[in-house]
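One structure is given here, and the rest of the page talks about it.
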Amino acid sequence: MSGRRDGGAVAAVAGTRFLLSDESHAHPDYKQRCLDASETILTELFGLGWPGAPHRVIPNGATHRWLRGDPRGPQWIRAANRLTAPLASRIPTVVQDRAIRAQRPSQPFLGPQPPTDDGPVNLVDSGPLYAGVNVLRVADIRPAGELVKALTP
Ligand SMILES: Cc1cc2nc3c(=O)[nH]c(=O)nc-3n(C[C@H](O)[C@H](O)[C@H](O)COP(=O)(O)O)c2cc1C
C-alpha cells in the first residue's frame with residue numbers, strides 16, 4: 001500500500017521497556033530482578049491504602065511469603081486493606097515514610113510504593129516490583145534514546 005513499515009500507529013504507550021532504561025529511577029536491584037524474572041503475577045497484595053486495584057508484579061520476598069494460594073493475596077489481607085483504606089489515606093506523609101522503611105516481606109502491611117534508586121532498599125523484597133507481561137522479553141538496560149529509536153524505525 002503506502003510502503004510504510006509501521007501499522008499506521010501515531011502513538012504508543014510503553015512502560016516496562018523504559019523501566020529498564022539507564023534514565024529510570026527504579027532501584028538497580030529492581031531492574032536486575034526484572035531482567036532475571038521468569039513470570040509475572042496479577043495480584044492485589046500491595047493494596048494497603050489502595051484496595052481492590054489489581055497490579056502486575058514480578059515475584060519477590062513478599063509474593064513468596066503471601067501468595068502460596070490465591071495470587072490475588074490472602075482474603076483477610078484484602079479485607080483488611082479495604083477496611084483500613086479511609087484511615088490509611090489520612091496518615092501524615094512523615095508517618096507513611098516511616099512505615100515504608102519498616103515494611104518487611106514477613107508482615108502483612110504491604111503498600112503500593114515500589115523501590116526507587118533514592119528510596120529504602122527494603123522495598124525490593126517488601127514492595128511491589130511492577131512489570132508488564134513483556135518484561136520477560138526484555139534482556140538489557142539501555143539508554144532511553146536508543147529505545148525510542150528502536151521503537152520508531
Ligand atoms: C513501574 C510501573 C508503575 C506502574 N504504575 C501503574 C499505575 O500507577 N496505575 C496503573 O493503572 N498501571 C500502572 N502500571 C501498569 C502499566 O500502566 C501497564 O499496564 C503495564 O506496565 C503494561 O504495559 P507495558 O508493557 O507498556 O509496560 C505500572 C507499570 C509499571 C512498570
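Assorted remarks:
- Per-region count, the stretch 25-40, residues out of contact with any Ser or Thr (no Cβ under 9 Å at 6 or more places or on another chain) and touching a residue at least 40 places away in the same chain (Cβ under 8 Å): 8
- Some residue of the stretch 64-79 being closer than 21 Å to Leu19 by Cα and away from the ligand (no atom under 16 Å from the Cβ): no
- Some residue of the stretch 12-31 being surrounded by 11 or more Cβ atoms within 10 Å (Cβ to Cβ), modelled with pLDDT of 95 or more and closer than 16 Å to Leu110 by Cα: no
- In the stretch 93-102, the count of residues that are in a loop (DSSP other than H, G, I, E, B), at pLDDT 95 or above and more than 16 Å from Asn60 (Cβ to Cβ) is zero.
- The residues of the stretch 116-153 that are surrounded by 15 or more Cβ atoms within 10 Å (Cβ to Cβ), within 11 Å of the ligand (Cβ to nearest atom) and assigned to a helix (DSSP H, G or I), listed by number, are Val135, Leu136.
- Test: Ala99 is within 15 Å of the ligand (Cβ to nearest atom) and either over 30 Å from Pro153 (Cβ atoms) or not β-branched (Val, Ile, Thr) (or both): no
- Here Pro74 meets each of (1) more than 30 Å from Ala12 (Cβ to Cβ); (2) loosely packed, with under 12 Cβ neighbours inside 10 Å with one exception, condition (2).
- When the stretch 51-61 is filtered for residues that are within 16 Å of the ligand (Cβ to nearest atom) and at pLDDT 95 or above, the ones remaining, listed by number, are Ala53, Pro54, His55, Arg56, Val57, Ile58, Pro59, Asn60.
- A search for C-beta distances below 6 Å between a residue of the stretch 62-74 that is hydrophobic (A, V, I, L, M, F, W, C) and modelled with pLDDT of 95 or more and any residue that is crowded, with 20+ Cβ neighbours inside 10 Å and part of a helix (DSSP H, G or I), counting only pairs 6+ apart in sequence or on different chains, returns Ala62/Ser126.
- In the stretch 33-84, of all residues being closer than 17 Å to Tyr130 by Cβ and of a type in the set (Val, Ile, Thr), the one that is nearest to the chain's Cα centre (by Cα) corresponds to Val57.
- Close pairs (6 angstrom Cβ cut-off, 6 or more residues apart or separate chains): of a type outside the set (D, E, K, R) in the stretch 120-139, assigned to a helix (DSSP H, G or I) and more than 9 Å from the ligand (Cβ to nearest atom) anywhere: Pro120/Arg101; Val124/Asp29; Ser126/Ala62; Leu129/Arg33
- Within the stretch 1-79, helices (runs of 4 or more DSSP H) holding 1 or more residues that are within 20 Å of Ala144 (Cβ to Cβ): 16-19, 28-36
The values are calculated or read from the model by the stated rules, or taken from the named source; none is laboratory data. Quantities reported herein were computed from a predicted structural model and do not represent experimental measurements. For neighbour counting, all protein chains shown are included, and Cβ atoms are generated from backbone atoms with ideal geometry for every residue, glycine included.
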